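Engineer: I have a structure here, written as structure tokens, and I will follow up with some questions on it.
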Amino acid sequence: MFGDLLSRLFSRQPTPLPELDTKLALAALLVRAAKADGNYAVQEIGKIDRILAKTFELNPVEAAKMRATAEKLEHAAPDDDKFADAICASVDQETREGVLAALWQVALADGHRRPEEESFFQLAAAHFGVDAAAMARARDAAHGGTVAPSLPRESES
């Protein structure tokens, strides 16, 4: 009896990941943008939490929980296609630019702009089907306040 209890307590069975929706796809892409340069800085984590809180009207604890879930999803996903496809399927071109602006805010939150981040954004732009002018607008928008993309609410998805 104790052996069974101990084996269940200490077994390393992974917790199943939640189904990917637009909200989690955005959160996972924000995490991926932060990690694009190989450094997941505290400034970037804080920026992710603020974007999630503002976009989805979450309190700080709810935003941090969403980010933690997104970190697991981001770690489990081999590439960005899955996240970008989930976003593209539910939003228009203008909203995709808003998503890119939020991604830029996260990447720039640590105060450094690195070649790895530029590569990430070139791929993101291609996934979202935006041109260089749209990318420039998104990057410029990232220098303002916290960007909150207008994603559909759960009832609209």
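What follows is calculated from the coordinates using simple rules that are stated; it is not laboratory data. What you see is a predicted model, and the numbers here were worked out from it, not measured in a lab. Methodologically, a virtual Cβ is constructed for each residue, glycine included, from the backbone with ideal geometry; neighbour enumeration extends over all protein chains shown.
Engineer: Fewest to most neighbouring Cβ within 10 Å: what's the order for Phe121, Phe83?
Structural biologist: Fewest to most other Cβ atoms nearby, the residues stand as Phe121, Phe83.
Engineer: Could you tell me which of rounded, prolate or oblate describes segment 18-141, using a ≥ b ≥ c as the square roots of the eigenvalues of the alpha-carbon gyration tensor, with rounded for a/c under 1.5 and, failing that, prolate when a/b is larger than b/c and oblate otherwise?
Structural biologist: Because its axes are fairly even, with a/c under 1.5, segment 18-141 counts as rounded.
Engineer: To continue, here is another question. Whole-Hz Karplus ³J(HN,Hα) for segment 50-58, in order, using 6.51 cos²θ - 1.76 cosθ + 1.60 and θ = phi - 60°, x for Gly and Pro?
Structural biologist: Whole-Hz 3J(HN,Hα) from phi for segment 50-58: 5, 5, 4, 4, 6, 5, 10, 6, 9.
Engineer: Okay, moving on. Let me know the charge dipole size of segment 58-99 about its Cα centre in debye, to the nearest 20, where only the beta-carbon of Lys, Arg (+1) and Asp, Glu (-1) is charged. Can you show the working numbers first?
Structural biologist: Details: 5 positive and 10 negative charges, 61 e Å.
Dipole about the Cα centre, nearest 20: 300 debye.
Engineer: Please rank Leu108, Leu100, fewest neighbouring Cβ atoms within 10 Å first, as an exposure proxy.
Structural biologist: Leu108, Leu100
Engineer: I would also like to ask the following. Positive end of the charge dipole of segment 18-141 (Lys, Arg +1 and Asp, Glu -1 on Cβ, about the Cα centre): tell me which of Ala63, Trp104, Leu29 has its Cα farthest that way.
Structural biologist: So the residue we want is Ala63.
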